[in-house]
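The values are calculated or read from the model by the stated rules, or taken from the named source; none is laboratory data. All values reported here derive from a predicted model rather than from experimental measurement. Because the Cβ atoms are built from the backbone with ideal geometry, glycine has one as well, and the counts that use them run over all protein chains shown. Note: areas computed on protein heavy atoms with side chains; ligands, DNA, RNA excluded. Shrake-Rupley method; radii C 1.70, N 1.55, O 1.52, S 1.80 Å.
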Amino acid sequence: DAMVIQNPRYQVTQFGKPVTLSCSQTLNHNVMYWYQQKSSQAPKLLFHYYDKDFNNEADTPDNFQSRRPNTSFCFLDIRSPGLGDAAMYLCATSPGQGGSQPQHFGDGTRLSIL
Amino acid sequence: DQQVKQNSPSLSVQEGRISILNCDYTNSMFDYFLWYKKYPAEGPTFLISISSIKDKNEDGRFTVFLNKSAKHLSLHIVPSQPGDSAVYFCAANPNTGFQKLVFGTGTRLLVSP
C-alpha cells in the first residue's frame, strides 16, 4: 500500500542536542508538509515543499529547518531543541497544491526533550 | 487566534444513534473544509470534505453540512458504531490556490455499545 512513513515513532533527545526526524512517501506526491502538534492543540503547519520549492510559515521558529533531497524523502531538523519543542511531529503529503486535495498523513514522531 | 474552533472536546454517543460534531470558523476566505479522523498512535486519516459552493456532502454514514452565513459546519455520523470512536479534526483551507490547512483542536468521540 502506498503510504507516508515517519521514523522514528518516538525520539528522545537532550536539551540543545540537534535532532532529525524523517519522513518518506511512496505516493509520489509533489507536496510534503511538516506539522507540529502539542498536547490538546491543533496541528500547526511549520513548512512545506512543493517539489524542491521550500515554503516556511511566518511564525515557524528559526530553530526548525527542513530538507527534501528527493521526491520521496523529507527531513525535519531541530538545531537546538528546547523543552517547548516537545510535541508530536506529523508529516503529510498531497498530489499538488490544489485546495480540494486531501493531505495524507504519517503516524507521527513523538519528540521528548530531556 | 484560533480561526477554526471545535468547542466540544469530547462527545459520548450510544451505538446506533447519531453523532454530531461541530466546527466554527472565523475566516471568510476559507473555501474548502475537511474532516479527519485520528485513532490513538496513528496519523489523521481523511474522512470527508466539502466545498464552500455546497451546503451538504454525503458519503455513506458520514454527512457534512456547511452553513456559510453562520460560518459553521458539522459532521453527522449515522448510525454511530464503536469503531467510530476516535478524535475528529475539522480543517479549513483558504482560497489561495495552495492547500494550507488550518485545524481545529479536535473532538474525541466515544461510541459505546
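Structural remarks
- Residues in the stretch B:36-74 that are part of a loop (DSSP other than H, G, I, E, B) and either among the polar types (S, T, N, Q) or under 30 Å from residue A:89 (Cα atoms) (or both): B:39, B:40, B:41, B:42, B:43, B:44, B:52, B:69, B:71.
- Contact map, the stretch A:102-113: first residue at the interface with chain B (Cβ under 7 Å from one of its Cβ atoms), second residue among the basic types (Lys, Arg) and open to solvent by 10 Å² or more (accessible area, probe 1.4 Å), Cβ cut-off under 7 Å, separation 6 or more or different chains; pairs are A:107/A:9.
- All of (1) more than 8 Å from every other protein chain (Cβ to nearest Cβ); (2) open to solvent by 40 Å² or more (accessible area, probe 1.4 Å) hold for residue A:85 with one exception: (2).
- Of all residues in the stretch B:97-113, those that are assigned to a strand (DSSP E or B) and within 12 Å of another protein chain (Cβ to nearest Cβ) total 4.
- Condition broken by residue B:43, with the remaining ones in (1) crowded, with 18+ Cβ neighbours inside 10 Å; (2) in contact (Cβ under 8 Å) with a residue 40 or more places away in the chain; (3) within 8 Å of chain A (Cβ to nearest Cβ) satisfied: (2)
- Within the stretch B:1-39, considering residues that are β-branched (Val, Ile, Thr) and more than 11 Å from the chain's Cα centre (by Cα), the one farthest from residue B:99 (Cα to Cα): B:13
- For the residues A:44, A:17, the requirement of being open to solvent by 70 Å² or more (accessible area, probe 1.4 Å), closer than 16 Å to residue A:78 by Cβ and modelled with pLDDT of 95 or more singles out A:17.
- The residues on offer are B:82, B:94, and the sole one that is surrounded by fewer than 22 Cβ atoms within 10 Å (Cβ to Cβ), of a type outside the set (A, V, I, L, M) and away from every other protein chain (no Cβ under 14 Å) is B:82.
- The set of residues in the stretch B:60-72 that are open to solvent by 90 Å² or more (accessible area, probe 1.4 Å) and free of Cβ contacts under 8 Å to residues at least 12 places away in the same chain contains only B:69.
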